[in-house]
Amino acid sequence: MRLGYACINESLKPKKFRSIRLKTIQTKGIDYLKYIVLENLEFLLEVLEWNSAHDIYFYRISSDIMPLITHPEVTALGWQWQKDKEVIDALDKIRVFKLKENMRLSMHPDQFTVLNSLRPDVVKSSMEYLVYHADFLEAVSGDDMILHVGGVYGDKPAAMMRFIHVANSLPDKVKTYLRIENDDKSYNIYELLSISEQTGLPVVFDFHHHRCLVDDHVTKDLLDKIFSTWTGIPKVHISSGKRHPKDRSHSHYIDDDDKSWVYMLEQYDVDIMIEAKGKEKTLLKLREDL
DNA sequence: TTTCGTCAAGCTGAT
DNA sequence: ATCAGCTTGACGAAA
């Protein structure tokens with residue numbers, strides 16, 4: 001069982017990943033974006049090395065590691081990171097280290113990735129964004145990317161049908177990495193299992209989202225069903241509410257009551273992503289508490 | 001060096 | 001109508 005955290009490493013501050021504004025790329029040129037990307041990849045390796053030194057073998061890479069990389073005005077500049085020797089070399093170093101350490105590397109495309117949006121332009125850019133994630137994961141030998149279903153617009157059955165249709169039409173290289181997750185407002189775990197049946201996409205179970213939206217008892221039968229959607233090692237998300245258990249806003253740490261989830265999972269071969277404001281510090285504390 | 005308005009992007013639900 | 005929240009505050013111009 002690997003415990004993981006997402007994106008930000010507080011211990012390495014003030015060093016951090018960099019982003020960039022569109023205007024800056026236009027002012028300073030595409031080479032400046034490339035410079036930021038290379039810096040970020042170098043720092044990613046540093047984060048992974050820090051993780052390994054602290055026995056952490058599961059990590060979510062920020063989608064912003066290559067900021068604005070699929071923006072039309074940036075792609076129009078003609079730079080293809082997939083074919084850039086220096087970028088390939090940097091990615092390759094990460095891949096070699098990742099494989100040597102047997103790490104799990106994930107990504108989580110942002111909230112504006114809506115495959116079943118009613119706006120065709122949103123669907124198109126979402127698909128392009130997923131291709132970027134798949135290319136990146138392929139380059140570093142990453143494991144998966146997680147997406148919410150979204151796009152309800154007051155008619156969930158229709159939204160689910162649209163999602164299934166678009167998901168099934170995705171390029172194979174995207175499908176290889178794509179996983180779907182239950183959320184805290186719209187799609188519960190049972191709906192996710194139904195979508196999984198019709199798309200073949202594995203389901204990531206988020207315990208906190210489940211509590212916010214459904215709040216029934218999580219049975220062994222349910223976990224078995226969820227994990228059977230996977231061919232590889234499944235993954236779940238845990239987090240605690242900030243002000244009360246059902247608070248959708250994430251707490252800094254994992255509440256004592258919620259540690260029971262980890263014990264519940266002991267009998268499975270499963271990785272746990274901790275979504276807490278305290279990041280890697282929350283992970284280290286949780287591991288100590290357990 | 002610090003402050004603070006702003007940053008590509010969608011959608012939902014609370015206020 | 002506005003805005004927090006979500007995978008995540010950081011960028012960068014101006015003081």
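The values are calculated or read from the model by the stated rules, or taken from the named source; none is laboratory data. Predicted model, so just to flag it, every value in this text is computed and none were measured. Backbone-built Cβ (ideal geometry, glycine too); neighbour counts: all protein chains shown.
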All positions within the range A:269-279 that are within 12 Å of DNA strand C (Cβ to nearest atom) and either closer than 19 Å to A:Ala53 by Cα or surrounded by fewer than 21 Cβ atoms within 10 Å (Cβ to Cβ) (or both): A:Met273, A:Ile274, A:Lys277, A:Gly278, A:Lys279
Criterion (farther than 28 Å from A:Asp184 by Cα and either without any contact (Cβ under 8 Å) to a residue 60 or more places away in the chain or within 8 Å of DNA strand B (Cβ to nearest atom) (or both)) met by exactly one of A:Asn116, A:Asn102: A:Asn102
The number of residues in the range A:252-290 that are within 16 Å of DNA strand B (Cβ to nearest atom) and part of a strand (DSSP E or B) is 0
From the list A:Lys281, A:Lys235, A:Lys285, A:Lys225, which residue is in contact with a strand residue (DSSP E or B) (Cβ under 6 Å, 6 or more places away or on another chain) and of a type outside the set (Asp, Glu)? A:Lys235
Just to be sure, is A:Val47 part of a loop (DSSP other than H, G, I, E, B) and buried (at least 21 other Cβ atoms within 10 Å of the Cβ)? no
Hey, can you tell me all the residues within the range A:204-225 that are more than 18 Å from the chain's Cα centre (by Cα) and assigned to a helix (DSSP H, G or I)? A:Arg211, A:Cys212, A:Leu213, A:Lys220, A:Asp221, A:Leu222, A:Leu223, A:Asp224, A:Lys225
Helices (runs of 4 or more DSSP H) wholly inside the range A:93-203 that include at least 3 residues being under 17 Å from A:His237 (Cα atoms): A:189-199
Looking only at residues that are surrounded by 22 or more Cβ atoms within 10 Å (Cβ to Cβ) and among the aromatic types (Phe, Trp, Tyr) in the range A:140-191, which one is nearest to A:Asp247 (Cα to Cα)? A:Tyr187
Kindly check whether there is at least one residue in the range A:57-77 that is surrounded by fewer than 14 Cβ atoms within 10 Å (Cβ to Cβ), over 27 Å from A:Ser126 (Cα atoms) and modelled with pLDDT of 95 or more. no
Matching option when the condition is surrounded by fewer than 17 Cβ atoms within 10 Å (Cβ to Cβ) and more than 16 Å from DNA strand B (Cβ to nearest atom), among A:Ser194, A:Ser249, A:Ser240: A:Ser194
Out of all the residues in the range A:1-34, which are hydrophobic (A, V, I, L, M, F, W, C) and within 30 Å of A:Tyr253 (Cβ to Cβ)? A:Met1, A:Leu3, A:Ala6, A:Cys7, A:Ile8, A:Leu12, A:Phe17
Taking the range A:9-35 as the search range and keeping residues that are closer than 18 Å to A:His133 by Cα and more than 13 Å from DNA strand B (Cβ to nearest atom), which one is surrounded by the fewest Cβ atoms within 10 Å (Cβ to Cβ)? A:Lys34
Which pairs do you get when a residue that is without any contact (Cβ under 8 Å) to a residue 60 or more places away in the chain and farther than 19 Å from A:Gln80 by Cβ, found in the range A:125-149, comes within reach of a residue that is of a type in the set (Phe, Trp, Tyr) and surrounded by 19 or more Cβ atoms within 10 Å (Cβ to Cβ), reach meaning Cβ atoms under 7 angstrom, with the pair 6+ apart or on two chains? A:Met145/A:Tyr177; A:Val149/A:Phe163; A:Val149/A:Tyr187
So which of A:Val96, A:Val114, A:Val149, A:Val122 is touching a strand residue (DSSP E or B) at 6+ places or on another chain (Cβ under 8 Å) and of a type in the set (Val, Ile, Thr)? A:Val149
Looking at the range A:74-109, which of its residues are over 15 Å from the mean Cα position of the chain (by Cα) and within 14 Å of DNA strand C (Cβ to nearest atom)? A:Val74
